[in-house]
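Peer 1: Sharing a structure below in structure tokens format, with a few things to ask.
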Amino acid sequence: MNVLVAHSRYSADPHTGENVHVERESTALERAGVTVTRYTPSSSELSPSRLAARSVWSRDAARDIRELLADQAIDVFHVHNVQPMLSPAVISTAARANVPVVATVHNYRFRCLPAINFRDGHVCHDCRPANLFMPGVRHRCYRDSAAGSVVAAIGQVPARATRRHVSRWLAISNHVAARLAADGVPTERISVHHNFCPDPGEGAGTRTDEVLYAGKLTEDKGVRLLLDTWTRAPDMPGRLLIAGRGPLEDDVRAVADAHGSVTYLGGVPLDDLTAIRRRCSAAVVPSLWEEPFGLTAVEAMAAGTPVVTTGTGGLADIVDETTGWLVEPTENGLAAGLAAAVADRGLRGTAARARYLEHFTEEVAVRRLVGHYEAVANA
């Protein structure tokens with residue numbers, strides 16, 4: 001099996017989840033004996049004006065893909081993020097070469113200009129094909145830029161025109177799959193293909209009264225809700241550790257300076273996070289937006305650590321009441337879940353790791369993905 005993997009790498013944060021996943025999955029495929037050719041240009045390579053034009057329809061990316069398909073016997077073209085460096089042109093190019101296209105959907109860009117379905121502190125579904133994404137333009141949803149939002153909206157026209165060329169849409173959660181179907185993608189072309197994380201191995205040890213938040217420090221991730229919950233709830237037990245970077249970093253530092261039970265760790269490498277997770281009573285994922293998946297929850301479960309979460313979006317695929325605590329996205333709901341987790345001292349971690357081994361390992365993901373490749377190639 002020879003697969004061409006294409007992905008427009010984000011330049012602002014090269015270690016963002018999508019960048020990491022594409023490289024991780026490609027390497028896993030190679031370990032399984034699949035020949036992988038990568039085409040992963042970075043958006044740092046162009047000026048903003050050229051980037052905007054390329055995001056709508058890139059002749060350069062189409063030419064590059066056409067040459068790669070001509071030079072090699074490619075069985076499947078697997079595309080991930082097309083914006084801004086690839087554009088929908090690469091999908092059309094593969095279709096003209098009679099190479100089946102598989103597309104992984106990591107976010108909500110197909111129906112939301114900033115790709116997160118979240119605006120002004122709440123979940124937003126205002127944009128629909130019928131209104132041509134005008135609410136997103138009006139609210140300057142793409143990077144708070146009117147011009148950028150217009151370009152992003154225009155880019156949806158060719159994106160929707162090339163949908164018919166995709167043989168298999170791989171949604172990273174049932175929630176994303178439902179959104180695709182609601183947006184008009186034929187359900188027979190949609191399959192759920194969860195992300196995976198490396199197995200850190202089974203760890204054992206005494207659990208502390210700590211709980212860990214690891215992720216971006218943003219409103220949509222529920223960081224402010226977490227800070228308010230921890231500082232306002234009476235007699236909150238345990239200690240809160242926060243790892244990550246983002247716009248709310250100053251707020252996190254201020255709370256950590258004022259409250260002895262809160263520690264800000266800054267950015268922490270994955271191996272160190274694993275060691276921290278293994279000693280904590282739980283990991284907390286208090287997201288307010290509709291998480292497409294929830295990799296940080298899977299990483300915690302791989303380490304045998306249960307998860308306290310709001311269960312938004314794809315998180316409902318990962319965590320249940322045997323592997324953690326599903327709570328309301330309110331201060332009272334989150335406080336109750338955190339208190340229960342500290343009292344439990346990691347006992348639900350055994351079930352959490354068992355669920356990881358059943359659904360979210362590299363072996364499970366690669367076997368499922370190769371099955372999708374074979375199905376579209378044979379068709």
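Peer 1: Check off (1) within 17 Å of Ala297 (Cβ to Cβ); (2) assigned to a helix (DSSP H, G or I); (3) open to solvent by 20 Å² or more (accessible area, probe 1.4 Å); (4) not polar (S, T, N, Q) for Asp250 and give me the number that stays unchecked.
Peer 2: It fails just one condition, (1).
Peer 1: I would also like to ask the following. If Ser191 passes every condition in (1) buried (at least 19 other Cβ atoms within 10 Å of the Cβ); (2) among the hydroxyl-bearing types (Ser, Thr, Tyr); (3) under 23 Å from Gly313 (Cβ atoms) but one, which one does it miss?
Peer 2: For Ser191, the failing item is (1).
Peer 1: Could you check Thr206 against (1) under 22 Å from Thr310 (Cα atoms); (2) polar (S, T, N, Q); (3) modelled with pLDDT under 95 and say which number it fails?
Peer 2: Among (1) under 22 Å from Thr310 (Cα atoms); (2) polar (S, T, N, Q); (3) modelled with pLDDT under 95, the lone unmet condition for Thr206 is (1).
Peer 1: Out of the stretch 121-172, which residues are among the small types (Gly, Ala, Ser), under 30 Å from Gly371 (Cβ atoms) and either free of Cβ contacts under 8 Å to residues at least 12 places away in the same chain or open to solvent by less than 40 Å² (accessible area, probe 1.4 Å) (or both)?
Peer 2: Ala159, Ala171
Peer 1: For Thr296, only one of the following conditions fails: (1) under 13 Å from Leu241 (Cα atoms); (2) in contact (Cβ under 8 Å) with a residue 40 or more places away in the chain; (3) among the hydroxyl-bearing types (Ser, Thr, Tyr). What is its number?
Peer 2: (1)
Peer 1: For the stretch 224-247, which residues satisfy the criterion of being in contact with a Lys or Arg (Cβ under 8 Å, 6 or more places away or on another chain) and open to solvent by less than 40 Å² (accessible area, probe 1.4 Å)? Working first, answer last.
Peer 2: Applying the first criterion (in contact with a Lys or Arg (Cβ under 8 Å, 6 or more places away or on another chain)) to the stretch 224-247 yields 244-246.
Scanning the stretch 224-247 gives Gly244, Gly246.
Peer 1: With the condition being touching a strand residue (DSSP E or B) at 6+ places or on another chain (Cβ under 8 Å), I'd like the helices (runs of 4 or more DSSP H) fully within the stretch 92-183 carrying at least 1 qualifying residues. Show your work before the answer.
Peer 2: Values: elements: 134-138, 146-161, 174-182.
Result: 174-182.
Peer 1: Let me ask you something else. Under the condition of being touching a residue at least 40 places away in the same chain (Cβ under 8 Å) and outside any helix (DSSP H, G or I), which residue from the stretch 313-326 is surrounded by the most Cβ atoms within 10 Å (Cβ to Cβ)?
Peer 2: Among those residues, the one meeting the criterion is Gly324.
Peer 1: Of the residues Val284, Val255, Val268, only one is assigned to a helix (DSSP H, G or I) and open to solvent by less than 40 Å² (accessible area, probe 1.4 Å); which?
Peer 2: Selected residue: Val255, the only one of Val284, Val255, Val268 that is assigned to a helix (DSSP H, G or I) and open to solvent by less than 40 Å² (accessible area, probe 1.4 Å).
Peer 1: Report yes if some residue within the stretch 107-115 is more than 20 Å from Ser173 (Cβ to Cβ), surrounded by fewer than 21 Cβ atoms within 10 Å (Cβ to Cβ) and free of Cβ contacts under 8 Å to residues at least 60 places away in the same chain; otherwise report no. Spell out the reasoning first.
Peer 2: At the first step, the residues of the stretch 107-115 found to be more than 20 Å from Ser173 (Cβ to Cβ) are 113.
From the residues that got through so far, the ones that are surrounded by fewer than 21 Cβ atoms within 10 Å (Cβ to Cβ) too are none.
No, the conditions are met nowhere in the stretch 107-115.
Peer 1: While we're on this one: Which of the residues spanning the stretch 338-356 are out of contact with any Pro (no Cβ under 9 Å at 6 or more places or on another chain) and surrounded by 15 or more Cβ atoms within 10 Å (Cβ to Cβ)?
Peer 2: Ala340, Arg345, Arg353, Arg355, Tyr356
Peer 1: Let me ask something else about it. Let me spell it out: the conditions are (1) hydrophobic (A, V, I, L, M, F, W, C); (2) closer than 18 Å to Asn19 by Cα; (3) in contact (Cβ under 8 Å) with a residue 12 or more places away in the chain, and Val99 meets all of them except one. Which number is the exception?
Peer 2: All conditions are met except number (2).
Peer 1: Can you tell me how many residues within the stretch 41-80 are under 23 Å from Val20 (Cβ atoms), at pLDDT below 95 and not hydrophobic (A, V, I, L, M, F, W, C)?
Peer 2: 6
Peer 1: Then there is this: For the stretch 6-83, please list each of the helices (runs of 4 or more DSSP H) lying entirely inside it that holds at least 2 residues being among the acidic types (Asp, Glu) and buried (at least 19 other Cβ atoms within 10 Å of the Cβ).
Peer 2: Numbers: elements: 17-31, 48-56, 59-71.
Helices (runs of 4 or more DSSP H) meeting the threshold: 17-31.
The values are calculated or read from the model by the stated rules, or taken from the named source; none is laboratory data. Quick caveat, the model's predicted, so the values are computed rather than measured. Here Cβ is always computed from backbone atoms with ideal geometry, including for glycine, and neighbour counts include all displayed protein chains. Keep in mind that these areas ignore ligands, DNA and RNA; they rest on the heavy atoms of the full protein, side chains included. Shrake-Rupley method; radii C 1.70, N 1.55, O 1.52, S 1.80 Å.
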